[in-house]
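Taken together, the values in this text are just the output of simple stated rules run on the coordinates, not laboratory data. All of these numbers come straight from a predicted model, not from anything done at the bench. Here the Cβ positions follow ideal geometry from the backbone for every residue, glycine too, while neighbour counts run over all protein chains shown.
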Amino acid sequence: MPDLDAILARLNQTRAGLLAVVEPIPPDRWRKTPPAGGWSAAEVIAHLTMVEQAILDGAERGLQKEPRPVPLWKRLHIPPIIAEWRFLKARTPIPLDPSLLDAKQPMLDRFAASRRRTLAFIEANRNRDLSRWRHTHPFFGSLNLYTWFKTIYHHEVRHTKQLREIARSV
């Protein structure tokens, strides 16, 4: 089993880095599209919240049934660390839910609640071998639950870079 403490530490580290970047964005610029175009800070946080919630929903559903055996060749996948590379552009398979767009603090509160749910799930399943449960990622291939947790922080690093660009433009 992977070192869950390392995964938890990285989840906490990436979240702290993201929040440090978001903190100086003024509330009146929170929902403003950057001059160069793209998502606002609010849209990035909504996206990250939605993705993390979708991963946890899938993990919770998956653990309700016994895992299916997967042959070795189907377990091969693209390493999710490439999610950190901003020069590889990709469209999200999860459309942005505009109802999640709100003022800065309520969005950050919802974002924090999503992470607390992730951390609680990991802790509740600490003594279980989560590598047995797999689900296909639309870009990376078949990932076990540990790799899905790593995908959360790699994805967050990617969007922290984007938020840094947004923060410089406001």
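May I ask you to list the lysines whose Cα is less than 21 Å away from that of Lys32, ignoring any residue fewer than eight positions away on the same chain?
Counting by Cα, and skipping residues close in sequence, Lys32 has these lysines nearby: Lys104, Lys161.
Calculate, for Lys161 and Thr92, the FRET efficiency according to 1/(1 + (r/R0)^6) with r their C-beta to C-beta distance and R0 25 Å; round to the nearest 0.05.
FRET efficiency, Lys161 to Thr92: 0.95.
Lysines within cross-link reach of Lys65: Cα-Cα under 21 Å, excluding same-chain residues under 8 positions apart?
Lys74
Most fluctuating residue of Ile81, Ile94, Ile122 in a GNM of the chain with Cα springs under 10 Å: which is it?
In the Gaussian network model the winner is Ile94.
Pull up the cross-link candidates among the aspartates and glutamates for Lys150, meaning alpha carbon to alpha carbon under 19 Å and not fewer than 8 places away within one chain.
The qualifying aspartates and glutamates are Asp3, Asp5, Glu52, Asp57, Glu60, Glu84, Glu123, Asp129.
In Å, what Rg and Dmax follow from the Cα atoms of the chain?
16.5, 52
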